[in-house]
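Worksheet: one structure, shown below.
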Amino acid sequence: MSPSVARCPRSLAAGSAGLRNVVLSATSASSTGSRIRSASDSLLLRPPRSNREPRRQRWTAASKGGALARPRALHPPGFPNRRASSVVDNDIDEDDDSVAAGAHGTKGASAAAGPGSGCGTRYAEGPSTRMNLFTAVNAGLRTAMETDDTAIVFGEDVAFGGVFRCTGGLKEQFGPDRVFDSTLCEQGIAGFAIGYASMGKTAIAEIQFADYIFPAFDQIVNEAAKFRYRSGDQFNCGGLTIRAPCGAVGHGGHYHSQSPESYFAHTPGLKVVMPRNATEAKGLLLASVREPDPVIFFEPKILYRTSVEDVPDGDYEVPLGVADVMREGTDVTLVGWGAQLRVMSEACDDAEKEGISCELIDLRTILPWDFDTVSRSVKKTGRLVVSHEAPRTGGFAAEVAADMQERCFLHLEAPVQRVCGYDTPFPLVFEKFYVPGRFKVLDAVRDAVNY
């Protein structure tokens, strides 16, 4: 190992020397290997971001006066470098007519909300295009790369579009130096991404399936999440976003169906996001890419083609850490995220026929999660049902239930109900029994109301 690499943090060494020497030795003659090797070499030569023009200034210069200008309330004036702070900006500029505040504190760019959006949720002005979720992810990646010339996209098979075609056409538009394949090494992908982001750049890495993110667990949890803290905020890898398709798909079995969000929700320094539809996916992805902390962005793969709606063409962000009240009610609060919201929405419709008024909340961000919005709702309804696909024991529903028990104990009319997957490996032939469907959620609603 060269002296330069030896002096670098573990993640940077893994990103450059590890990915270059260990993983790419067998493919050094390939063009992909050459590109990654060149990029990783440059990591050791680039000056830190403090010695270069701040990201926000470059972005503003590129888009000033154009249609891509972002809402001022989401990016306060005088904030020179979005990677310089890990604090989420939840302030709303009440005098800024370019921002519309939705119900329960949700904020976003002004104009009409997309289909299936929550109560008062507002997205971007201007025209929209009918698209599914994977196309919305593609549109978000394209916008991120157009507005940030340091942004790169890489992972297994992403150059030709990826398994789910989320990166289709990006290599043709931005070139092989910004969109390229990695080798089959999740630890190397994460290490390279951390090293690249630590130089003040934007790394958007793809783990082909969330089930295979665990070889990269050490890099993500022990390096990316602690980079800022261990350096006393002198260094960070806030430009890191890791995308990963997750959840049940109908035929994935135990290696292509898992929902590992709770593993990462236990890690301070990370942000964990999961969208419920195409419009939310684009806005949350752009917010994640521009977030000053590393983000794990889980994409429910069953929604890639089933979630279809009119997605705004413009550049907009859905704020992280702000839940969305999709449906208002008075009898029971339901909380979920990702693909489970569709199931829960159907259960709410069924409950409505029985005279039960349900309030449905999408957390959007699992870490940090919006406990204020949830607690306000629970204090109003007196009942809570939380549902997710992941196993029950240690699932994030347990965190929500425990927190609400502490905050809302005197308001609760019934025990908190959890509707989750079973504590078994994800089954193939028994998937329809394993996944918590609408009738399981409806039973939990009934139990809560009739307690």
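Only a single criterion out of (1) touching a Ser or Thr at 6+ places or on another chain (Cβ under 9 Å); (2) more than 21 Å from residue 307 (Cβ to Cβ); (3) not hydrophobic (A, V, I, L, M, F, W, C) is not satisfied by residue 206, namely (2).
Return yes or no: is residue 219 part of a helix (DSSP H, G or I), within 25 Å of residue 255 (Cα to Cα), assigned by TED's automatic domain parsing to the domain that holds residue 177 and not acidic (Asp, Glu)? Even if it seems obvious, please write down each step before you answer.
Numbers: part of a helix (DSSP H, G or I): yes; within 25 Å of residue 255 (Cα to Cα): yes; assigned by TED's automatic domain parsing to the domain that holds residue 177: yes; not acidic (Asp, Glu): yes.
Judged against the criteria, residue 219 is a match.
Looking at the structure I just gave you, is residue 305 crowded, with 24+ Cβ neighbours inside 10 Å, in contact (Cβ under 8 Å) with a residue 24 or more places away in the chain and on the phi < 0 side of the Ramachandran plot? Reasoning before the result, please.
Numbers: crowded, with 24+ Cβ neighbours inside 10 Å: no; in contact (Cβ under 8 Å) with a residue 24 or more places away in the chain: yes; on the phi < 0 side of the Ramachandran plot: yes.
Here the answer is no, as residue 305 does not meet what is asked.
Of all the residues in segment 228-248, those that are buried (at least 24 other Cβ atoms within 10 Å of the Cβ), without any contact (Cβ under 8 Å) to a residue 60 or more places away in the chain and polar (S, T, N, Q) number 1.
Counting only residues that are surrounded by 23 or more Cβ atoms within 10 Å (Cβ to Cβ) and in contact with a Gly (Cβ under 9 Å, 6 or more places away or on another chain), segment 327-340 holds 5 of them. Filtering segment 166-193 to residues that are under 14 Å from residue 204 (Cβ atoms) and either assigned to a helix (DSSP H, G or I) or basic (Lys, Arg) (or both) leaves 170, 171, 174, 178, 189, 190, 192, 193.
Right, residue 276: within 28 Å of residue 194 (Cα to Cα) and in contact with an Asp or Glu (Cβ under 7 Å, 6 or more places away or on another chain) or not? Write out each step before concluding.
Numbers: within 28 Å of residue 194 (Cα to Cα): yes; in contact with an Asp or Glu (Cβ under 7 Å, 6 or more places away or on another chain): yes.
The answer is yes for residue 276.
Hey, among the residues in segment 394-451 that are outside any helix (DSSP H, G or I) and of a type in the set (D, E, K, R), which one's farthest from residue 261 (Cα to Cα)? Residue satisfying both the conditions and the ranking: 413. Can you find a residue in segment 260-268 that is among the aliphatic types (A, V, I, L, M), assigned to a strand (DSSP E or B) and either in the same structural domain as residue 399 (by TED's automatic domain parsing) or modelled with pLDDT of 95 or more (or both)? No, because not a single residue in segment 260-268 is among the aliphatic types (A, V, I, L, M), assigned to a strand (DSSP E or B) and either in the same structural domain as residue 399 (by TED's automatic domain parsing) or modelled with pLDDT of 95 or more (or both).
The values are calculated or read from the model by the stated rules, or taken from the named source; none is laboratory data. Quick caveat: nothing in here was measured; it's all calculated off a predicted structure. In this analysis, Cβ positions are derived from the backbone assuming ideal geometry, glycine residues included, and neighbour counts consider all displayed protein chains.
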